[in-house]
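First comes the structure, then the notes that go with it.
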Amino acid sequence: MSPPNEVILEAQALSKHFGGTAALKAVSFSAAAGEIVGLIGPNGAGKTTLLNLLSGVLRPTSGKVLFRGRDLAGHKAHAVARMGIARTLQTPRSFPSMSVLENVAVGAMFGRPHGHLDHAVRCLDLVGLSARGSSPMSSLNLQERKSVELARALAMAPSVVLIDEAMSGLNPTEIEESMRLIRRVRDETGVTIIWVEHVVKAIMAVVERIVVLNFGEVIAAGRPAEIARDGAVIEAYLGTTA
């Protein structure tokens, strides 16, 4: 486990162009060990593009991603994952012919050379699904599939987990449960979480800091109470969606 307050992941002036379109423009922020950082902004603000750059799925047009001070330039997504940056997706992707536990074990086998099954069981227990380990993935509801996605990421033994819209498609009760789960994961594992979310009330209640994107640029960063009062954020996002 990293020392508290150690900067573990940092974006330095990240820009990404697709043809003549700038999806991100000189985005900079950092996340400390054990911190939960929220990324919010309107549709098309560049949030998922930023996660793709942090995880090695895309390469930046300019700028750097530093993980524990190491430049990730040139490292492909699987190498970034082995270094300790795991990822969940907005739409859960599973192996439908395999059981819940087998799906989580895939992450454990990728991230840990030994003891992967025991570790997978522990991760499944952490997300509250140990009783469903032998169930087929097809029997799970959306919230449970999202929890399996998170358990599989945790099974890779990461230092950082990138979460993409954990609350999308969930009802209010499920959102409350998922909020508690994200807090518990951080508190019990010490993992750093960078979380993209559109359910603003959920992210405001869970994270320590928020970075706000609009049209590919950072327009604000700070604690939730500060962001909620920021005029630029209210105009761009909160005033129309929260």
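Miscellaneous remarks
- Along segment 189-198 the Karplus relation, 6.51 cos²θ - 1.76 cosθ + 1.60 evaluated at θ = phi - 60°, assigns HN-Hα couplings of 10, x, 5, 7, 10, 10, 10, 8, 7, 9 Hz to successive residues, with x for each Gly and Pro.
- Three-way shape label, segment 28-179, alpha-carbon gyration tensor, a/c 1.5: oblate
- Using θ = phi - 60° and Karplus 6.51 cos²θ - 1.76 cosθ + 1.60, couplings along segment 54-66 (whole Hz; Gly, Pro as x): 5, 8, x, 5, 10, 9, x, 5, 7, x, 9, 10, 10
- Cross-link partners of K201 among lysines, defined as those whose alpha carbon lies under 18 angstrom from its own and excluding same-chain residues fewer than eight positions apart: K47.
- Phi to ³J(HN,Hα) by Karplus 6.51 cos²θ - 1.76 cosθ + 1.60 over segment 29-42, Hz, x for Gly, Pro: 6, 9, 9, 8, 4, x, 8, 10, 10, x, 10, 10, x, x
- With contacts taken as Cα pairs under 8 Å at a separation of at least 6 residues, segment 89-242 carries a relative contact order of 19 percent.
- The stretch between E235 and R184 holds 15.1 nm of extra length on full extension. This uses 0.36 nm per residue minus the Cα-Cα distance.
- Of all stretches in the chain that contain no trypsin sites (Lys or Arg not before Pro) in a DSSP loop with at most 13 other Cβ atoms within 10 Å, the longest one is 94-242.
- Dipole magnitude for the chain: about 560 debye, using +1 per Lys or Arg Cβ and -1 per Asp or Glu Cβ, origin at the Cα centre.
Read-outs throughout are calculated quantities, based only on the coordinates presented, and are distinct from any laboratory measurement. In this text, all values refer to a predicted model and were calculated from it rather than measured experimentally. Cβ sites come from the backbone with ideal geometry, for glycine too, and all protein chains shown count toward neighbours.
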